[in-house]
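Remarks on the structure that follows.
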Amino acid sequence: MKKILLLLLLCLSVLAFSDAGIRLSGNRLKQGGFFYVEYPAEKDCEVIFSRGPKSPRAYKRGDKKYVFIPVHYSTPAGTYPLSVREEGRTVFSDAIVVEDGNFKKSYLTVTKTMAEKRSDKNLQAGTDKIAEAKKNSLKEKQWSGKFLNPTGIKSSDNFGSMRFVNKKVVGYHSGLDYPVPKGSTLKAANNGKVIFAQKLTTTGNTLVIDHGMNIFSSYSHLSAFAVQEGQMVKKGDVIGKSGDTGFVTGPHLHFVISIGSTAVNPSLFLNAAVLENE
Ligand SMILES: [Zn+2]
């Protein structure tokens, strides 16, 4: 009898412990979506999710820590396990359901010279430069409220669409395209620090803003920059002019929101105030 009681007590204490302040923002999302894990700031937890980044960073905010987990748009729909460990012990687990994003397909026909601009080599060179700039995201949340549409016009709603260039699948579209004419004013989607403002072969003149806590927005194919690397900007500040630099079929703004190096659906930040009103 004593043994059973002891066992029962042990079970109860484990349950109470695993429930101690660890929370998910949600466990059902679409491809290209994200969720975050929240736990008390005094804890040091490890979040393990096979479909997310290897060692996702935790950011302290008030008396909590937050770990944002992006789910890449190419992740097959399905159910994947998530666990949170503390001192090597699993203290929380759940199943994350990733649903089909129902992405569109898009077909582009371009010249050989244009196609070369998005060769694997050129694409990788740009990715590496931006990854370097993103290394030390500001620890404090800089953004406030919903993110702003940088152009004021409707996007082509083409996040995640499968891209065929000259009939060959080349990947998926990582952001939203806004078909603005060359020279249109572009605004910062939210508060943050300009960490990158350089010309790249594939994405042309590219600007990246760090919004803190590993959240970034990026703006590509610009004709001109109005801000410099290192500069702090406020939501709505003019950051440059749209254009047609890099790999394009015409002038437009290519707008990406990413968590670390993984692009997520920008509408999740444009339509909701993340980490607010809770
Ligand atoms: Zn685009």
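Structure values in brief
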read-out: Qualifying residue in region 116-136 (condition: surrounded by 15 or more Cβ atoms within 10 Å (Cβ to Cβ) and over 22 Å from the mean Cα position of the chain (by Cα)); value: yes
read-out: Test set (1) within 21 Å of residue 53 (Cβ to Cβ); (2) buried (at least 19 other Cβ atoms within 10 Å of the Cβ); (3) in contact with an Asp or Glu (Cβ under 6 Å, 6 or more places away or on another chain) - residue 160 fails condition number; value: (3)
read-out: Condition met for residue 59 (under 23 Å from residue 156 (Cβ atoms) and in contact (Cβ under 8 Å) with a residue 60 or more places away in the chain); value: no
read-out: Unique residue being under 18 Å from the mean Cα position of the chain (by Cα), within 26 Å of residue 67 (Cβ to Cβ) and within 16 Å of the ligand (Cβ to nearest atom) when the list is 257, 195, 215; value: 257
read-out: Residues located in region 218-234, provided they are within 16 Å of the ligand (Cβ to nearest atom) and polar (S, T, N, Q); value: 218, 220, 223
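Taken together, the values in this text are just the output of simple stated rules run on the coordinates, not laboratory data. For clarity, every value in this text was computed on a predicted model and none was experimentally measured. Ideal geometry is used to build each Cβ from the backbone, glycine not excepted, and the neighbour counts take in all protein chains shown.
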